[in-house]
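*Asks:* Take a look at this one; I'll ask things after.
The values are calculated or read from the model by the stated rules, or taken from the named source; none is laboratory data. These figures come from a predicted structure and were not determined experimentally. Glycine gets a Cβ as well: all are built from the backbone with ideal geometry, and neighbour counts include every protein chain shown. Each accessible area value is taken on the protein alone, full model and side chains, heavy atoms only, with ligands, DNA and RNA left out. Shrake-Rupley method; radii C 1.70, N 1.55, O 1.52, S 1.80 Å.
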Amino acid sequence: MLQVPFIRENKEYVIKRLAIRNIDATQMIDDVISLDEERRQVQTQLDNALAESNTLSKEIGNLYKSGKAAEANVLKERTTELKEITKALTETLNEKIEALNQLLYKIPNIPHPSVPKGSAEEDNEEVFKEGDIPVLHSEALPHWELAKKYNIIDFELGNKITGAGFPVYKGKGARLQRALIAYFLDKNTEAGYTEYQLPLLVNEASGFGTGQLPDKEGQMYHVTEDNLYLIPTAEVPGTNIFRDELLNESDLPIGITGYTPCFRREAGSYGAHVRGLNRLHQFDKVEILRVEHPNRSYQALDEMVEHVKTILKELKLPYRILRLCGGDIGFTAALTFDFELFSTAQDRWLEISSVSNFETFQANRLKLRFKNSDGKNELAHTLNGSSLALPRVLAGILENYQTEDGIVIPDVLVPYTGFKIIN
RNA sequence: GGAGAAAUGGCAGAGUGGUCGAAUGCGGCAGUCUUGAAAACUGUUGAGGGUCACACCUCCGGGGGUUCGAAUCCCUCUUUCUCCGCCA
């Protein structure tokens, strides 16, 4: 959520920057400014009425004490009047605030100056590419075929137990998955992130804090009985650790990592793009998350990108990094780098990580602040990224490491799997 | 699930109808002392709205009520703790 004073003082800039996202925010921004103006007018009227009321109450108290009950009763008539007035003004005020908030929820974050203009995926800017694309043998298979061949992932069984998008990992497949989780967590903690185990269900306030609610509830599974939501990413419980927190400047920076299953309803496309592990309703992910001083949040973003790079390098997987364009960047992010892994057998790029700086957009909703060196409370910057999303990394390993003898386990994972090949 | 107790500033913890935005301690900040630091001492320090700045307004878990006036009384919801029951 953008800050109203900022919008008020930088109206043209805000509209211009939001145009990068291909939206014309002129009307919304004008409405924000006029609603805020109205809100402040009502606020002032209400404050004046309350001030008069407070003064009278004190006088009445004093009159009673000095035994002048009759005079006090005269003043009471006015306070009764004022009660009506303040009640009406309070209602108007709440309406203004509500209308203003509803509007603010609809305005996305302002893109960072480096975000390229563009309308879709094709306009994302490739900023880095690394790793050799392996030459596979003639009978190379996509990962869903390999999963069947080696009996390591059972999609039909998941279908039976739950439904489409809930695969069952078996034997070496399950072990490989566990190995990846442990490996990622170890890499992250070595880099200074503190490991957390977080709740998989969150309440409404948390969904709201990170921006899934009120508009994107369709993305999450909702447990209506208890009004809780299954998390779509560890970002939600992870970032909400800091909801309503006032930190000391010396507490920053904060780095957290956590493994969680993630649940996403997203009824979407079908066909090859959702085959196998490409798109699931339940999947595993290891997340990294930071709370930073505004001065160094972009440095932190670079550090996070570098960190994810080292992991992919160690796994010897071919990948590229994209700077997302205005049309593709998420609602809450100011700048996002996507990592994509090349799936040789499918001959396409698969998104495996998304690393973003949200600046104060989430912090404003969360009321996540720190006391700066001037003693003022200032919104912190939040960032997060996947390190990494499991299914597509798994798919990439299966496909890129397949040989005629079986699937070779990347060297760095062998200590975690306890075996070197799946055959 | 049953019974009881509680929810106050960054944290801990007083306060039971007006002079309480709220004692005290810790923490934070500034200063004295010190080569520097620690300790000690002195001062300062809640949040939000509003204003050029003041004034002023709001906030003692959430919501509602009583009253001229509520942190304080009443209702309700939520959460936490203790005891009992059940249970991974």
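*Asks:* Restricting the search to region A:285-320, which residues are crowded, with 21+ Cβ neighbours inside 10 Å, out of contact with any Phe, Trp or Tyr (no Cβ under 7 Å at 6 or more places or on another chain) and of a type outside the set (A, V, I, L, M, F, W, C)?
*Replies:* A:LYS285, A:GLU287, A:ARG290, A:GLU292, A:SER297
*Asks:* Are there any strands (runs of 3 or more DSSP E) wholly within region A:273-349 with 2 or more residues that are of a type in the set (Ser, Thr, Tyr) and on the phi < 0 side of the Ramachandran plot, and if so which? Please lay out each step first, then the result.
*Replies:* Values: elements: A:282-292, A:319-323, A:335-343.
Once the strands (runs of 3 or more DSSP E) in region A:273-349 are filtered for at least 2 residues that are of a type in the set (Ser, Thr, Tyr) and on the phi < 0 side of the Ramachandran plot, what remains is A:335-343.
*Asks:* Right, next: Residue by residue through region A:178-206, note down the ones that are surrounded by fewer than 21 Cβ atoms within 10 Å (Cβ to Cβ) and in a helix (DSSP H, G or I). Give the derivation first.
*Replies:* The first filter runs over region A:178-206 and keeps only residues surrounded by fewer than 21 Cβ atoms within 10 Å (Cβ to Cβ), leaving A:178, A:181-182, A:185-186, A:189-192, A:194-201, A:203-205.
Residues satisfying the conditions are A:ARG178, A:ILE181, A:ALA182, A:LEU185, A:ASP186, A:THR189, A:GLU190, A:GLU204, A:ALA205.
*Asks:* Answer yes if at least one residue in region A:94-107 is closer than 28 Å to A:MET1 by Cβ and assigned to a loop (DSSP other than H, G, I, E, B), and no otherwise.
*Replies:* For region A:94-107, residues closer than 28 Å to A:MET1 by Cβ and assigned to a loop (DSSP other than H, G, I, E, B): present.
*Asks:* Does A:ILE20 fit the bill of being over 18 Å from A:TYR105 (Cβ atoms) and in contact with a Lys or Arg (Cβ under 9 Å, 6 or more places away or on another chain)?
*Replies:* Judged against the criteria, A:ILE20 is a match.
*Asks:* Please count how many residues of region A:77-112 are open to solvent by 20 Å² or more (accessible area, probe 1.4 Å), in contact (Cβ under 8 Å) with a residue 60 or more places away in the chain and within 20 Å of A:ASP47 (Cα to Cα).
*Replies:* Total satisfying the criteria: 1.
*Asks:* What's the number of the condition A:SER250 fails, among (1) touching a residue at least 12 places away in the same chain (Cβ under 8 Å); (2) outside any loop (DSSP other than H, G, I, E, B)?
*Replies:* (1) is the only condition that A:SER250 fails.
*Asks:* If you check A:ASP251 against the conditions, is it away from RNA strand B (no atom under 16 Å from the Cβ) and not basic (Lys, Arg)? Talk me through it step by step, then tell me what you get.
*Replies:* Working: away from RNA strand B (no atom under 16 Å from the Cβ): no; not basic (Lys, Arg): yes.
So A:ASP251 does not fit the description; no.
*Asks:* Which one is surrounded by the most Cβ atoms within 10 Å (Cβ to Cβ) among residues in region A:223-248 that are more than 11 Å from RNA strand B (Cβ to nearest atom) and farther than 26 Å from A:SER387 by Cα?
*Replies:* Going residue by residue through region A:223-248, those that are more than 11 Å from RNA strand B (Cβ to nearest atom) are A:223-225, A:229-243.
Among the residues that remain, those that are also farther than 26 Å from A:SER387 by Cα are: A:223-225.
Values: A:VAL223: 11, A:THR224: 6, A:GLU225: 6.
The selected residue is A:VAL223.
*Asks:* Show me the helices (runs of 4 or more DSSP H) entirely contained within region A:1-89 in which 1 or more residues are near RNA strand B (Cβ under 9 Å from one of its atoms).
*Replies:* Numbers: elements: A:4-9, A:11-18, A:26-65.
In region A:1-89, the matching helices (runs of 4 or more DSSP H) lie at A:4-9, A:26-65.
*Asks:* Please work out which one of (1) open to solvent by 40 Å² or more (accessible area, probe 1.4 Å); (2) part of a helix (DSSP H, G or I); (3) within 30 Å of A:VAL115 (Cβ to Cβ) is the condition A:GLU378 fails and give its number.
*Replies:* Failed condition: (2).
*Asks:* Continuing with this model, one more query. Quick one: would you say A:LEU390 is open to solvent by less than 30 Å² (accessible area, probe 1.4 Å), closer than 24 Å to A:PRO261 by Cα, within 16 Å of RNA strand B (Cβ to nearest atom) and assigned by TED's automatic domain parsing to the domain that holds A:VAL291?
*Replies:* On the way: open to solvent by less than 30 Å² (accessible area, probe 1.4 Å): yes; closer than 24 Å to A:PRO261 by Cα: yes; within 16 Å of RNA strand B (Cβ to nearest atom): no; assigned by TED's automatic domain parsing to the domain that holds A:VAL291: yes.
So A:LEU390 does not fit the description; no.
*Asks:* I've got another one for you. Taking the conditions exactly as written (touching a Lys or Arg at 6+ places or on another chain (Cβ under 7 Å), modelled with pLDDT under 90 and buried (at least 18 other Cβ atoms within 10 Å of the Cβ)), does A:GLY209 satisfy them or not?
*Replies:* Working: touching a Lys or Arg at 6+ places or on another chain (Cβ under 7 Å): yes; modelled with pLDDT under 90: yes; buried (at least 18 other Cβ atoms within 10 Å of the Cβ): yes.
Here the answer is yes, as A:GLY209 does meet what is asked.
*Asks:* Follow-up question, since we're still on this one. Suppose we filter A:GLN41, A:GLN27 for residues that are over 25 Å from A:THR360 (Cα atoms), under 39 Å from the mean Cα position of the chain (by Cα), loosely packed, with under 14 Cβ neighbours inside 10 Å and at pLDDT 90 or above; which single one remains? I'd like the intermediate steps shown before the answer.
*Replies:* On the way: A:GLN27 fails: over 25 Å from A:THR360 (Cα atoms).
That would be A:GLN41, the only listed residue that is over 25 Å from A:THR360 (Cα atoms), under 39 Å from the mean Cα position of the chain (by Cα), loosely packed, with under 14 Cβ neighbours inside 10 Å and at pLDDT 90 or above.
*Asks:* Could you list, in sequence order, the residues of region A:46-73 that are open to solvent by 50 Å² or more (accessible area, probe 1.4 Å) and under 17 Å from A:LEU100 (Cβ atoms)?
*Replies:* Answer for region A:46-73, where residues must be open to solvent by 50 Å² or more (accessible area, probe 1.4 Å) and under 17 Å from A:LEU100 (Cβ atoms): there is none.
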